[in-house]
Amino acid sequence: AQSVTQPDIHITVSEGASLELRCNYSYGATPYLFWYVQSPGQGLQLLLKYFSGDTLVQGIKGFEAEFKRSQSSFNLRKPSVHWSDAAEYFCAVGPGGYQGGKLIFGQGTELSVKP
Amino acid sequence: ETGVTQTPRHLVMGMTNKKSLKCEQHLGHNAMYWYKQSAKKPLELMFVYNFKEQTENNSVPSRFSPECPNSSHLFLHLHTLQPEDSALYLCASSQISQGRTDTQYFGPGTRLTVL
(Lines give C-alpha, C1' and ligand atoms only; values in the text may rest on other atoms or scores of the structure.)
Protein backbone atom coordinates (compact mmCIF):
# COMPACT_ATOMS: atom_id res chain seq x y z
CA ALA A 1 0.00 0.00 0.00
CA GLN A 2 1.11 3.53 -0.67
CA SER A 3 2.29 5.38 2.40
CA VAL A 4 4.18 8.43 3.58
CA THR A 5 6.26 8.42 6.74
CA GLN A 6 7.51 11.42 8.63
CA PRO A 7 9.59 9.79 11.37
CA ASP A 8 9.83 12.83 13.60
CA ILE A 9 6.62 13.88 15.31
CA HIS A 10 8.18 16.91 16.99
CA ILE A 11 11.48 18.71 16.43
CA THR A 12 12.93 21.63 18.36
CA VAL A 13 15.72 23.74 16.89
CA SER A 14 17.39 26.96 17.92
CA GLU A 15 16.80 30.07 15.89
CA GLY A 16 19.53 30.39 13.29
CA ALA A 17 20.30 26.68 13.29
CA SER A 18 19.86 24.48 10.25
CA LEU A 19 16.84 22.25 9.81
CA GLU A 20 16.11 18.97 8.09
CA LEU A 21 12.71 17.31 8.17
CA ARG A 22 12.53 13.76 6.93
CA CYS A 23 10.00 12.22 4.60
CA ASN A 24 9.98 8.69 3.21
CA TYR A 25 7.39 7.27 0.89
CA SER A 26 6.40 3.88 -0.31
CA TYR A 27 5.30 3.74 -3.92
CA GLY A 28 6.25 1.70 -6.94
CA ALA A 29 6.68 4.49 -9.45
CA THR A 30 8.08 8.01 -9.26
CA PRO A 31 5.47 10.00 -7.44
CA TYR A 32 4.70 13.68 -7.32
CA LEU A 33 6.04 15.06 -4.04
CA PHE A 34 5.00 18.05 -1.97
CA TRP A 35 5.80 19.81 1.27
CA TYR A 36 3.13 21.91 2.93
CA VAL A 37 3.25 24.03 6.08
CA GLN A 38 0.37 24.68 8.46
CA SER A 39 0.32 27.39 11.10
CA PRO A 40 -2.09 26.98 14.03
CA GLY A 41 -5.70 27.40 12.99
CA GLN A 42 -4.77 27.79 9.34
CA GLY A 43 -4.95 25.76 6.19
CA LEU A 44 -2.01 24.23 4.39
CA GLN A 45 0.37 26.40 2.40
CA LEU A 46 2.51 24.89 -0.33
CA LEU A 47 6.24 25.22 0.33
CA LEU A 48 7.55 23.37 -2.71
CA LYS A 49 6.89 20.48 -5.06
CA TYR A 50 8.70 17.98 -7.22
CA PHE A 51 7.22 16.57 -10.40
CA SER A 52 10.30 15.80 -12.50
CA GLY A 53 13.69 17.18 -13.52
CA ASP A 54 16.25 18.59 -11.10
CA THR A 55 16.02 16.60 -7.88
CA LEU A 56 16.87 19.62 -5.73
CA VAL A 57 13.91 21.96 -5.62
CA GLN A 58 13.68 25.41 -4.16
CA GLY A 59 10.60 26.68 -2.41
CA ILE A 60 9.28 29.68 -0.61
CA LYS A 61 10.62 31.08 2.67
CA GLY A 62 14.13 29.78 1.97
CA PHE A 63 13.20 26.09 2.04
CA GLU A 64 14.55 23.43 -0.30
CA ALA A 65 14.03 19.71 -0.67
CA GLU A 66 15.91 16.93 -2.37
CA PHE A 67 14.35 13.92 -4.05
CA LYS A 68 16.44 10.78 -3.64
CA ARG A 69 14.93 7.94 -5.62
CA SER A 70 17.30 5.32 -4.18
CA GLN A 71 16.20 6.17 -0.66
CA SER A 72 12.55 6.93 -1.46
CA SER A 73 13.01 10.17 0.40
CA PHE A 74 12.11 13.82 -0.04
CA ASN A 75 13.67 15.65 2.91
CA LEU A 76 13.02 19.31 3.57
CA ARG A 77 15.88 21.60 4.55
CA LYS A 78 16.50 25.16 5.58
CA PRO A 79 19.97 26.51 6.36
CA SER A 80 18.89 29.00 9.04
CA VAL A 81 15.60 28.74 10.89
CA HIS A 82 13.59 31.79 11.91
CA TRP A 83 11.16 31.93 14.82
CA SER A 84 8.32 32.40 12.31
CA ASP A 85 9.05 28.94 10.89
CA ALA A 86 7.45 27.32 13.95
CA ALA A 87 4.52 25.36 12.49
CA GLU A 88 3.53 21.89 11.41
CA TYR A 89 5.03 20.50 8.22
CA PHE A 90 3.43 17.88 6.04
CA CYS A 91 4.95 15.79 3.31
CA ALA A 92 2.53 14.54 0.68
CA VAL A 93 2.74 12.15 -2.21
CA GLY A 94 0.64 11.99 -5.34
CA PRO A 95 0.76 8.66 -7.15
CA GLY A 96 2.53 8.51 -10.48
CA GLY A 97 0.72 10.66 -12.99
CA TYR A 98 -1.05 12.03 -9.98
CA GLN A 99 -4.40 11.06 -11.37
CA GLY A 100 -7.59 11.63 -9.49
CA GLY A 101 -6.18 14.04 -6.96
CA LYS A 102 -5.35 11.37 -4.42
CA LEU A 103 -2.74 13.00 -2.25
CA ILE A 104 -1.41 10.88 0.59
CA PHE A 105 -0.16 12.85 3.57
CA GLY A 106 2.32 12.00 6.27
CA GLN A 107 1.30 12.50 9.87
CA GLY A 108 3.20 15.75 10.09
CA THR A 109 6.23 17.10 11.97
CA GLU A 110 5.69 19.86 14.48
CA LEU A 111 8.57 22.32 14.53
CA SER A 112 9.33 24.43 17.57
CA VAL A 113 11.96 27.18 17.43
CA LYS A 114 13.71 28.30 20.58
CA PRO A 115 15.37 31.70 20.89
CA GLU B 1 -11.10 37.45 -2.45
CA THR B 2 -8.26 35.33 -3.65
CA GLY B 3 -7.36 31.68 -3.30
CA VAL B 4 -9.66 29.32 -1.48
CA THR B 5 -12.11 30.59 1.13
CA GLN B 6 -14.16 28.62 3.64
CA THR B 7 -17.10 29.60 5.81
CA PRO B 8 -17.75 29.43 8.62
CA ARG B 9 -14.32 29.28 10.23
CA HIS B 10 -15.74 27.82 13.42
CA LEU B 11 -18.90 25.79 13.97
CA VAL B 12 -20.37 24.19 17.06
CA MET B 13 -23.34 21.90 16.55
CA GLY B 14 -25.36 19.33 18.39
CA MET B 15 -25.71 15.79 17.18
CA THR B 16 -29.23 16.41 15.89
CA ASN B 17 -28.46 19.61 14.01
CA LYS B 18 -28.12 20.08 10.27
CA LYS B 19 -25.46 22.47 9.08
CA SER B 20 -23.43 23.14 5.94
CA LEU B 21 -19.84 24.07 5.27
CA LYS B 22 -19.07 26.23 2.26
CA CYS B 23 -15.95 26.44 0.14
CA GLU B 24 -15.25 28.78 -2.76
CA GLN B 25 -12.19 28.85 -4.98
CA HIS B 26 -11.13 31.90 -6.96
CA LEU B 27 -8.32 30.21 -8.88
CA GLY B 28 -10.18 29.01 -11.95
CA HIS B 29 -9.57 25.37 -11.06
CA ASN B 30 -11.78 22.50 -12.17
CA ALA B 31 -11.37 20.13 -9.22
CA MET B 32 -12.27 20.53 -5.56
CA TYR B 33 -11.67 18.39 -2.49
CA TRP B 34 -12.81 17.90 1.09
CA TYR B 35 -10.33 16.70 3.70
CA LYS B 36 -10.75 15.89 7.37
CA GLN B 37 -7.92 16.70 9.76
CA SER B 38 -8.23 15.15 13.21
CA ALA B 39 -5.76 15.61 16.02
CA LYS B 40 -2.71 13.36 15.77
CA LYS B 41 -3.90 11.77 12.51
CA PRO B 42 -2.88 12.34 8.91
CA LEU B 43 -5.16 14.31 6.65
CA GLU B 44 -7.93 12.13 5.29
CA LEU B 45 -9.28 12.71 1.82
CA MET B 46 -13.07 12.59 1.92
CA PHE B 47 -14.39 13.62 -1.49
CA VAL B 48 -13.07 14.70 -4.87
CA TYR B 49 -15.06 16.59 -7.49
CA ASN B 50 -13.77 16.94 -11.03
CA PHE B 51 -15.80 19.22 -13.31
CA LYS B 52 -18.65 19.05 -10.76
CA GLU B 53 -18.72 15.25 -10.89
CA GLN B 54 -17.84 13.29 -7.79
CA THR B 55 -14.88 11.08 -8.62
CA GLU B 56 -13.89 9.94 -5.16
CA ASN B 57 -15.79 9.02 -2.04
CA ASN B 58 -13.32 7.66 0.44
CA SER B 59 -15.81 5.50 2.38
CA VAL B 60 -17.26 8.54 4.09
CA PRO B 61 -20.37 7.97 6.25
CA SER B 62 -23.63 9.16 4.74
CA ARG B 63 -24.06 11.77 7.47
CA PHE B 64 -21.63 13.80 5.35
CA SER B 65 -23.19 14.84 2.06
CA PRO B 66 -21.16 16.86 -0.45
CA GLU B 67 -22.56 19.13 -3.13
CA CYS B 68 -20.72 20.77 -5.99
CA PRO B 69 -23.05 23.04 -8.00
CA ASN B 70 -20.22 24.41 -10.14
CA SER B 71 -16.44 24.28 -10.36
CA SER B 72 -16.03 27.22 -7.99
CA HIS B 73 -18.25 26.14 -5.10
CA LEU B 74 -18.27 23.11 -2.86
CA PHE B 75 -20.49 22.38 0.10
CA LEU B 76 -20.43 19.77 2.81
CA HIS B 77 -23.83 19.15 4.35
CA LEU B 78 -23.73 17.75 7.86
CA HIS B 79 -26.51 15.78 9.54
CA THR B 80 -26.69 13.73 12.72
CA LEU B 81 -22.98 13.95 13.40
CA GLN B 82 -21.11 12.19 16.17
CA PRO B 83 -18.63 13.72 18.62
CA GLU B 84 -15.80 11.88 16.83
CA ASP B 85 -16.59 13.95 13.75
CA SER B 86 -15.13 16.98 15.51
CA ALA B 87 -12.16 18.04 13.42
CA LEU B 88 -10.76 20.65 11.07
CA TYR B 89 -12.37 20.32 7.66
CA LEU B 90 -10.22 21.56 4.84
CA CYS B 91 -11.24 22.37 1.32
CA ALA B 92 -8.76 22.39 -1.56
CA SER B 93 -8.79 22.98 -5.29
CA SER B 94 -6.55 22.12 -8.19
CA GLN B 95 -6.45 21.95 -11.96
CA ILE B 96 -6.83 18.57 -13.60
CA SER B 97 -5.78 18.35 -17.26
CA GLN B 98 -5.64 15.15 -19.30
CA GLY B 99 -5.93 13.12 -16.12
CA ARG B 100 -2.97 14.79 -14.45
CA THR B 101 -3.47 16.89 -11.36
CA ASP B 102 -1.49 19.99 -10.47
CA THR B 103 -0.83 21.33 -7.01
CA GLN B 104 -3.68 21.46 -4.54
CA TYR B 105 -4.36 24.79 -2.84
CA PHE B 106 -6.03 24.74 0.54
CA GLY B 107 -8.47 26.97 2.32
CA PRO B 108 -8.09 27.94 5.99
CA GLY B 109 -10.49 25.26 7.17
CA THR B 110 -13.61 25.07 9.31
CA ARG B 111 -13.07 23.99 12.90
CA LEU B 112 -16.09 21.80 13.71
CA THR B 113 -17.07 20.80 17.23
CA VAL B 114 -19.90 18.30 17.72
CA LEU B 115 -21.43 18.28 21.18
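The values are calculated or read from the model by the stated rules, or taken from the named source; none is laboratory data. Quantities reported herein were computed from a predicted structural model and do not represent experimental measurements. With ideal geometry, Cβ positions are generated from the backbone for all residues, glycine too; neighbour counts draw on all protein chains shown. Accessible surface is based on the protein model in full, side chains and every heavy atom, while ligands, DNA and RNA are left aside. Shrake-Rupley method; radii C 1.70, N 1.55, O 1.52, S 1.80 Å.
Tell me, what ³J(HN,Hα) does each residue in the range B:76-89 have, in order and in whole Hz, if you take phi through Karplus 6.51 cos²θ - 1.76 cosθ + 1.60 with θ = phi - 60° and put x for Gly and Pro?
So the Karplus estimates, Gly and Pro as x, are 10, 8, 10, 8, 6, 7, 10, x, 6, 7, 4, 5, 9, 9 Hz.
Taking only the alpha-carbon positions of the range A:1-68 and ignoring solvent, what does the Debye formula give for the base-10 log of I(q)/I(0) at q = 0.18, 0.21, 0.22, 0.24 Å⁻¹?
Debye intensities relative to I(0), on a log10 scale: -0.84, -1.13, -1.22, -1.37.
Once the whole set of protein chains is in place, how much accessible area is left on residue B:96, using a 1.4 Å probe, in Å² to the nearest 10?
20
Could I get the Rg over Rh figure for the range A:30-88? Both from C-alpha atoms, Rh via Kirkwood, rounded to two places.
Result for the range A:30-88 is an Rg/Rh of 0.98.
Considering only C-alpha atoms, what is the centroid distance from the range B:12-45 to the range A:39-115, in Å?
What the calculation gives is 22 Å, centre to centre.
Compare A:32, A:27 by solvent-accessible area with a 1.4 Å probe and give them largest first, with all protein chains kept in place.
A:27, A:32
Debye calculation, C-alpha points only, no solvent: report log10 I(q)/I(0) for chain A at q = 0.17 Å⁻¹, in the same order as the q values.
-0.77
What Kirkwood Rh does the range B:1-93 have if only Cα atoms enter the pairwise 1/r average? Answer in Å.
13.5
Scan around residue A:23 for amide H atoms under 5 Å from its own, H built in the peptide plane at 1.01 Å from N, and keep only partners 5 or more places away or cross-chain.
It is A:74, A:75, A:76, by chain and number.
Hey, can you find the accessible area per residue of the protein assembly as shown for me, probe 1.4 Å, expressed in square angstrom?
Result: 47 Å² per residue.
Run down the aspartates and glutamates and flag those whose C-alpha is under 12 Å from the C-alpha of residue A:78, throwing out any fewer than 8 positions away in its chain.
Qualifying aspartates and glutamates at Cα under 12 Å: A:15, A:20, A:64, A:66.
Only four residue types carry charge here, +1 at the Cβ of Lys and Arg and -1 at the Cβ of Asp and Glu. Report the dipole size of the protein assembly as shown about the Cα centre in Debye, rounded to the nearest 20.
Value, rounded to 20: 240 debye.
Please turn the phi angles of the range B:51-60 into ³J(HN,Hα) values with the Karplus equation 6.51 cos²θ - 1.76 cosθ + 1.60 (θ = phi - 60°), one per residue in order, whole Hz, x for glycine and proline.
Coupling constants for the range B:51-60: 6, 6, 9, 6, 10, 8, 10, 8, 6, 7 Hz.
Could you grab the Rg to Rh ratio for the protein assembly as shown? Cα atoms only, Kirkwood for Rh.
Result: Rg/Rh = 0.97.
Pairs on different chains or at least eight residues apart, Cα atoms closer than 24 Å: how many lysine pairs in chain B fit?
The result is 8.
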